[in-house]
Amino acid sequence: MSAKNSSNEPAFGNADLTNCDREPIHIPGSIQPHGAMLVYDPATQIVTHASANAVEMLGIESAPVGQTLHDAIGADAAHAVRNTVAKSVAPAAPGLLFGHRLAGSDKRFDVAAHTYLGRTFLEFQESAEDADAYGPLELTRALVRRLADEKSVPRLAVQAARMVQLMIGYDRVMIYKLLHNGAGRVIAEHKRADLGSFLNQHFPASDIPVQARELYKRNWIRMISDVRYAPQPVLPAIPQSEQPLDMSYAQLRSVSPVHCEYLQNMGVHASMSISIMVEGELWGLIACHHYSPKAVTLPHRVGAELFGQYFSLQVETLERRERFDVASKARTRLDRIVAELPPEEELHESLSSRIRDIAQLVPCDGAALWINRAWIATGAVLNEETIKQMAAVLDREAQGEVWYTNQITKFIPEAVDQVEQVAGMLAVPISHSPRDYLLFFRSEESRFMDWGGEPVKQVGPLGDRLTPRKSFDLWREEVRGQSTPWTEADLAIADAVQNYLRDVVLRHTEATAEEKKRTEVRRKLINEELNHRVKNILALTKSIVEQSRAGVTDVKAYAEAVSGRLQALAFAHDQISRERGGGDVRLLLESELAAYGGSTGQGRMELEGAAVRLDSRAYSSLALVTHELATNAAKYGALSNGSGVVTLRWSILPNGDFELSWRESGGPPVVAPTNSGFGSTLIGRVIPFDLGGKAEIDYPPEGATARFVIPARYVLPIEKTGADMPSVKAAMDGVARASLAGMRVLLVEDQVLIALDAESNLRQLGAAQVVIAPTAEHAMKAINQARPDLAVLDVNLGDHTSTPVAEALRNLGVPFMFATGYGDTVMLPDSMRTVPIVRKPYAGSALEEALANLLRSRDGK
């Protein structure tokens, strides 16, 4: 099969080491012979391509190309295959069919089916005689449990190599980690006793070309059953003018001859690679080698794929934990350092006495600060003349991000005479403008690096064609002019230091900076902090969304559960913002019970307790717990009928702890739950786990009871008495019902999902037309086309604000309000400080109240 190639792209099979990184390995036009392939058009069910061995291997009567799938493999098989295709959710996740017999054949086949670029690929491999599709999965499940207790990546890798060899039986299994420069190193190995070892040996980046790495990212498993195989062409060949058959996701896809030659030079006859994916990138491979031909069955490959996915998650978890731990320790040290800085001094003067302490944050031989072109240093560092050249390099290369190298002479050759003292550098930008840096230096580390063979290109027996190296015997290279490489832990510390010190730099420089520059720096810092906080909120939201699915089969119930939990969090965060870091307990409890029809005026709830305020962490936790209790009461307990009562009493214990009791009565007879859903888990674990408190829940027949204790350290001093605090009922009694009947509403919102949610709320309030504008420019065009009756404006629209729209609406006399996730008047110009604000996320009742007040103001009421 010919392939459609660009002029500088070699045809598949014609590449050598000068151009193998451009070889189109995804369109080989052939497959490995341990299986057979059929390709058909899913619209017509006509077989368009078949491997040359399909007729013989599958036992079908005639060449299948041109026949319907039904005629080619039989009605029963075609039906089973179509069901299998339907199970494939993506090309990388094929549908699987095990042990199926085709018409006219006494053999059983395992089938993998996927659809890609308008073609459906069926890959057949003969089932093992003692085939047990579930046995390998049971083995995989048993093995992965043994990985859970490992606390470090090196130990995890050692265990994984041993388990994969036990599971699949290859002669050698290696955990191969990709390094920062694209090369790789074998960090763990389990092998046959008589084989030499590749442990700790390095392999150059060119051993895995770029396009091969991309395919490893797409496919978890890649197997070669015999490196000396004879390729089976996929027929008919496609003309040069047509698009070739893309086999990116085909498990039987032929392998580049260069790679087969590479493996033969190692003495390997068969191989399998399992991708290790961490945070969406290729972290490394579980590389399996066998010294005789070996075809792994499909069930075992599925088990290996699941093992690889679990191993990847464990690596990601352990690396994140390590980064978190080292970053936390660095922040603790910085707290001590910065707390002692005199605020009235210039920053470079106050930090100069602390540079030795700062140098201890990261393992290094020297450290320096380059602030306002002033040089403060300790230990082994570059001289000041060289650092000026390095600053220019950093301004060009770093782009405001942490930057590092273990070979400075790559960027400043003139530094070669300093290399024994300083060879590597880690640069941490600590301001936006001008460019200021905290620099860590490492001295040269003369060391020997072990390679799996000398990493050079060699001329093969056919002449000038460059071929893979012939020897993989240990080749030791002396490394000079480089420092010890910077680790992931070093970079995690650098990130933490950067975020911390940028705020310090800002506080010391904004007094003398121009107003425009100060505003720009502050905006960027706020964005970085918001990005960090939003990621945390998204992580919590993701957990709530995923965990809320447990035990829920009704979509509406699922949506209500998720919405209620998110609104409980939103309310808690809103109160925390208003109350400067904490919240009133009575207000929280009244708000939650009011949302479920409970009202002190109706005798449905009884609240008794002194005025108590909790800090932000405890307040958010209590919001989640009371929301779940109220939800359960409304579904199954005292608030599910017309006569039940919920009684809440709270107090401060003698030791200062906060105690809350919840008691239900008058509801249906209570039956203790037989299983624990996510809501019950929240009730029982949030306060003990997050706060170190206590939670006791009981289910007597007359009504559920609960008792919670929150440690005294989360209780805040009282600033307002209970009499001063407005109750939820009083607030809600004063809310007018907003009616937007017949109105044209302009909604300016740049987040489409938020806009759709708000549009739904506005239409429920009677709006005849809701015009959504994602930018100020779109909003101005909408205003010019037709004057709106009122408007809701998101304050922040990407890099711009909605202030110009607000000014235009004010000139037209159109009532409008702002929407924001910030505080009440944050980021608003002085002229707009009196404009009503609604907080995001939009809650129907809050939006209705705000609109009602807006319309009442318009009408002069």
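Residue by residue through region 850-857, what is 3J(HN,Hα) from phi via Karplus (6.51 cos²θ - 1.76 cosθ + 1.60, θ = phi - 60°)? Round to whole Hz and write x for glycine and proline.
Per-residue couplings from phi come out as 5, 5, 4, 5, 5, 5, 5, 5 Hz.
Once you put a point 7 Å from the Cα of Ala741 and another 7 Å from the Cα of Val55, both along the Cβ direction, what distance in nm separates them?
Simple spin-label model gives 7.8 nm for this pair.
Explain nothing, just the number: dipole magnitude of region 735-858 about its Cα centre with +1 on each Lys and Arg Cβ and -1 on each Asp and Glu Cβ, in debye rounded to the nearest 20.
The calculated dipole for region 735-858 is roughly 440 debye.
Choose one of Pro257, Ala205, Pro293: the residue whose Cα lies farthest towards the positive end of the charge dipole of region 160-295 (beta-carbon charges +1 Lys, Arg; -1 Asp, Glu; about the Cα centre).
Toward the positive end, the furthest listed residue is Pro293.
Sort out for me the Cα centre separation of region 368-392 from region 754-804, rounded to whole Å.
52 Å
Using θ = phi - 60° and the Karplus form 6.51 cos²θ - 1.76 cosθ + 1.60, what ³J(HN,Hα) does each residue of region 625-635 get, whole Hz, x for Gly and Pro?
5, 5, 4, 5, 4, 5, 4, 5, 5, 6, 7
R0 = 30 Å: FRET efficiency of Arg162 with Asp130, Cβ-based, nearest 0.05?
Efficiency for this residue pair is about 0.75.
Need one word for region 735-858: rounded, prolate or oblate. Basis is the Cα gyration tensor (sqrt eigenvalues a ≥ b ≥ c); a/c below 1.5 gives rounded, then a/b vs b/c decides.
Rounded shape, in that the Cα axes give a/c under 1.5.
For a paramagnetic label modelled at 7 Å from the Cα of Val671 toward its Cβ, which residues of region 630-647 fall within the zone defined by backbone nitrogen distances under 14 Å?
The answer is 636-637, whose backbone nitrogens lie closer than 14 Å to the label point.
Quote the relative contact order of region 735-858 in percent (integer), defining contacts as alpha-carbon pairs under 8 Å separated by 6+ residues.
27 percent
Quick one: 3J(HN,Hα) in Hz for region 214-228, Karplus 6.51/-1.76/1.60 with θ = phi - 60°, rounded, Gly and Pro as x.
Coupling constants for region 214-228: 5, 5, 5, 6, 7, 10, 6, 10, 9, 10, 10, 7, 7, 5, 9 Hz.
Please sort 436-444, 324-332, 228-236 by packing, taking for each peptide the average over its residues of neighbouring beta carbons within 10 angstrom, highest first.
436-444, 228-236, 324-332
Past the 24 Å Cα-Cα mark, which pairs from Lys87/Lys217; Lys151/Lys177; Lys107/Lys294; Lys329/Lys694; Lys191/Lys217?
With Cα atoms farther than 24 Å apart: Lys329/Lys694; Lys191/Lys217.
Using a Förster radius of 22 Å, what is the FRET efficiency between Glu696 and Glu608 based on their Cβ-Cβ separation? Nearest 0.05, please.
Rounded to the nearest 0.05, the efficiency is 0.70.
Quick check: the distance between the Cα centres of region 121-161 and region 607-625, to the nearest angstrom?
Answer, in whole Å: 47.
Every number in this text was worked out from the coordinates using simple rules, so none of it is lab data. Every value quoted in this text rests on a predicted model; they were computed, and no experiment measured them. A quick note on method: Cβ atoms are made from the backbone with ideal geometry, for glycine too, and the neighbour counts reach across all protein chains shown.
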